[in-house]
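None of the figures in this text is laboratory data; all of them are computed from the coordinates on show. Model, not experiment: these values are computed from the prediction. Cβ sites come from the backbone with ideal geometry, for glycine too, and all protein chains shown count toward neighbours.
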Amino acid sequence: MQTRFCARGRRLRVAALATGLMTTGTAHAASTPPVQDSSAVTISGAGDLHKVRYGHRISLSGRAGSAPEVRLEHAAAGRGWRVVATSRTGAAGSYSFSVRARQSGAYRAVAAGTPSAAHRVRVVARLSARASRHVNIGRSIRVRGTLKHGLGGRTVRLQLRSRGGWKTVDRARTRRGGRFRASWRPPRAGSYRLRVRFAGDRSNLAAGRTLRGLSFVYRPAAASWYGPGFYGGRTACGYTLTASIKGVANKWLPCGTRVRFRYHGRTTVAKVIDRGPFAGAREWDLTPATKRALGFGSTGTVWSTR
């Protein structure tokens, strides 16, 4: 009897051990991570929105599984996919591309007919423009420029800097290649700051460009010069008159006011340092230094911004 009990106990222990091994194996199998799909195509920044300026380079990389070649495709906003570059894959299917961003849209990698997720890009347009530097009163300041990406039919606004901010003074439509022309006729002499603005569209985000330098508008005025016989004396504005001081005399502008003058293509800036002239209908009396800078004679007409 004892022998039968011992044999039965051994059988129970063996069965329990087998059950434990089966349970342990099942738990181990359940905790094993799934094998990653080696054929999946990936691209950096998938699902993100990348903002970049027109023409700047963006780098895109990822893995293309076991495919020997991968192509990069771009879809502009509202358009289909087109191939922009191809490359051989490296170790473990790695690849990389460097492209210049020109239109908003998305990029994806395609290998062996399998596309990656999309990497979205918004491109900020690029504006460049130049304006007339010196203009006589009654004429227009002319602006020429280019909007990139070079699409036609886009609206570019010409704006003037004023005390209340920027004011639109003209609108232009881009032509082929993104080129445009705009103009504005100033109502009075002076100096003006201008900029161009593009509101943006599906291809490119909004952009603006403040034009380099000021545009100067001149009015004509009669002038003469003075100096010899007065050197060393004090002017009505408290300056000492010398042959080298660049200044002018004027009857009403505040002392120290800077005025830009233009005469036969030559330009200079001088301060109001004295009162006068008091002969004839002349508005300006130039010091010898101002006279030399302009190549001015004894009397004549100069153009000034005040």
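Odds and ends about this structure:
- What you get for the range 90-237, charging only the Cβ of Lys and Arg (+1) and of Asp and Glu (-1), is a dipole of about 400 debye around the Cα centre.
- The dipole here belongs to the range 260-306: it is taken about the Cα centre, uses +1 on the Cβ of Lys and Arg and -1 on the Cβ of Asp and Glu, and is about 180 debye.
- Extension gain, A243-S298: 0.36 nm per intervening residue step, less the Cα-Cα distance, totals 18.2 nm.
- The range 219-304: antiparallel DSSP beta bridges as a percent of all, rounded to 5: 75
- When each of the peptides 284-290, 218-224 is scored by the mean number of other C-beta atoms lying within 10 Å of its residues, the order from highest to lowest reads 284-290, 218-224.
- Beta bridges per DSSP, both residues in the chain: antiparallel share near 85 percent.
- Highest mean first, the peptides 166-173, 123-130, 233-240 sorted by other C-beta atoms within 10 Å per residue fall in the order 123-130, 166-173, 233-240.
- Pairwise alpha-carbon distances in the range 126-213 exceed 19 Å for 35% of all pairs.
- Cβ-to-Cβ counts within 10 Å put I43, I245 in ascending order as I245, I43, the fewest first.
- If the convex hull is drawn through the Cα atoms of the range 219-304, its volume per residue in Å³: 83
- For the chain, fraction of C-alpha pairs farther apart than 35 Å, in %: 56
- Between the residues A106, T168, A85, the greatest Cα displacement towards the positive end of the dipole of the chain, with unit charges on the Cβ of Lys, Arg, Asp and Glu, is found for T168.
- ³J(HN,Hα), Karplus 6.51/-1.76/1.60, whole Hz, each residue of the range 248-254, x for Gly, Pro: 9, 9, 8, 7, 10, 5, x
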